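The values are calculated or read from the model by the stated rules, or taken from the named source; none is laboratory data. Bear in mind the structure is a predicted one, so any value in this text is a computation, not a measurement. Cβ coordinates were reconstructed from backbone atoms using ideal geometry, including for glycine residues, and neighbour counts include every protein chain displayed. In case anyone asks, the SASA skips ligands and DNA or RNA and just uses the protein heavy atoms, side chains included. Shrake-Rupley method; radii C 1.70, N 1.55, O 1.52, S 1.80 Å.
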Amino acid sequence: MTSPLLDLAADPFDLFTTWMADAKAHEPNDPNAMALATATAEGRPSVRMILLKGADRRGFVFYTNLNSRKAAELKANPHAALLFHWKSIRRQIRIEGPVEPVTPAEADAYFASRSRISRLGAIASNQSHPLADRAVFEKAVADLEARYPDPEAIIPRPANWSGFRLVPQHFEFWQDRPYRLHDRAVWERAPGGWRTERLYP
């Protein structure tokens, strides 16, 4: 069934929420997966798949080790782009904008919500840095398990682990239509609201 054409009068946050709900109903695995593109201060790009962990009108939140490549690039060049691609519903959304750190309270709350082993793994991992032997990482996790044997123990968030919020300035919604006559529209932040236009496929 072909989706109706995009409504240029729609609020982009509301449209994102609707499409994400559709993805959660139909995408078999990780509907919150997204590609995150960052760049160095010199403009050299890199991209990786990560998971969206929060979305509201303030922006789109993800978490990482602050010593990782993505965090270093965001510190040097605090602008990024996201891409959601849902093959099951034949839609994608591109989002671009500046990036800012989340508050310590937000990071603490999300870290506490993770599974125990995920929290220990975040502490043990020197993300993006060379690992000479997998056994070194596994031993670090095992040592932390021994240090925090109680499943209900409070495991403090490490100082080098937190999150970022992308504040959207640009949305592009794309949906498949027959014969590659796809439907594309953009929402660009402007004084007092959003400027919208349809694009050729």
- Item | Verdict on residue 140 being among the small types (Gly, Ala, Ser), surrounded by 12 or more Cβ atoms within 10 Å (Cβ to Cβ) and at negative phi | yes
- Please find, within the stretch 55-68, the residue that is farthest from residue 14 (Cα to Cα) out of those that are assigned to a strand (DSSP E or B) and in contact (Cβ under 8 Å) with a residue 60 or more places away in the chain. 65
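Taking the stated definitions as given, is residue 89 under 24 Å from residue 186 (Cα atoms), surrounded by 19 or more Cβ atoms within 10 Å (Cβ to Cβ) and touching a strand residue (DSSP E or B) at 6+ places or on another chain (Cβ under 9 Å)?
Working: under 24 Å from residue 186 (Cα atoms): yes; surrounded by 19 or more Cβ atoms within 10 Å (Cβ to Cβ): no; touching a strand residue (DSSP E or B) at 6+ places or on another chain (Cβ under 9 Å): yes.
Here the answer is no, as residue 89 does not meet what is asked.
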- Where residues in the stretch 167-201 are part of a loop (DSSP other than H, G, I, E, B), farther than 21 Å from residue 90 by Cβ and free of Cβ contacts under 8 Å to residues at least 60 places away in the same chain, which of them is least open to solvent (accessible area, probe 1.4 Å)? 192
- Task: Kindly indicate the residue of the stretch 1-18 that is in a helix (DSSP H, G or I) and of a type in the set (Val, Ile, Thr) and also nearest to residue 70 (Cα to Cα) among those meeting that condition.
- Result: 17
- Would you pick out the residues in the stretch 92-118 that are open to solvent by less than 10 Å² (accessible area, probe 1.4 Å) and either assigned to a helix (DSSP H, G or I) or in contact with a Cys (Cβ under 6 Å, 6 or more places away or on another chain) (or both)? 107, 111
- Query: Is it the case that residue 49 is exposed (fewer than 14 other Cβ atoms within 10 Å of the Cβ) and either at positive phi or part of a strand (DSSP E or B) (or both)?
  - Reply: yes
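State yes or no: is residue 162 polar (S, T, N, Q), within 20 Å of the chain's Cα centre (by Cα), open to solvent by less than 70 Å² (accessible area, probe 1.4 Å) and at pLDDT below 95? Spell out the reasoning first.
Numbers: polar (S, T, N, Q): yes; within 20 Å of the chain's Cα centre (by Cα): yes; open to solvent by less than 70 Å² (accessible area, probe 1.4 Å): yes; at pLDDT below 95: no.
Spelling it out, it is not the case that residue 162 is polar (S, T, N, Q), within 20 Å of the chain's Cα centre (by Cα), open to solvent by less than 70 Å² (accessible area, probe 1.4 Å) and at pLDDT below 95.
Got a sec? Which of 21, 71 is farther than 18 Å from residue 172 by Cα and part of a helix (DSSP H, G or I)? Break it down stepwise before answering.
Details: 21 fails: farther than 18 Å from residue 172 by Cα.
Step by step, each of 21, 71 is checked, and only 71 is farther than 18 Å from residue 172 by Cα and part of a helix (DSSP H, G or I).
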- Select from the stretch 24-46 the residues that are surrounded by 14 or more Cβ atoms within 10 Å (Cβ to Cβ), in contact with a helix residue (DSSP H, G or I) (Cβ under 7 Å, 6 or more places away or on another chain) and part of a loop (DSSP other than H, G, I, E, B) and list them in ascending order. 31
